[in-house]
């Protein structure tokens, strides 16, 4: 295995692990395609050098974190709110 192949495998492994931050319904529907697209882009970036591949990994991890936070916020804001009743123990 060449250094370039190991770099791509490492980056794909890290990205795959980071996909867990996405809500399950997004991960189930798009996770495989996201991983495959990332792997292809990572191979292309690694042809330009290690720094290029690592920069792409960092950029994609930041994007994934932002997308995950956005999706979780959306699903949280759409869920119905249950009004809290006052505690009978508080005077």
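Readers should treat all values here as calculations from the given coordinates under stated rules, not as data from a laboratory. Computed from a predicted structure; not experimentally measured.
With just the Cα atoms defining each centre, how far is the stretch 22-44 from the stretch 49-65? Give it in Å.
A separation of 14 Å, based on Cα centres.
How far, in nm, would the chain grow between residue 43 and residue 1 when pulled straight, counting 0.36 nm per residue and subtracting the alpha carbon separation?
Extra length available between residue 43 and residue 1 comes to 13.7 nm.
Report the gain in length on full extension from residue 50 to residue 36: 0.36 nm times residue separation, minus Cα-Cα distance, nm rounded to one decimal.
Length gained, residue 50 through residue 36: 3.1 nm.
What shape does the stretch 25-77 have by the C-alpha gyration tensor, where a ≥ b ≥ c are the square roots of the eigenvalues, rounded means a/c under 1.5, and otherwise prolate means a/b greater than b/c and oblate the rest?
Judged from the Cα gyration tensor, the stretch 25-77 comes out oblate (a/c at least 1.5, b/c at or above a/b).
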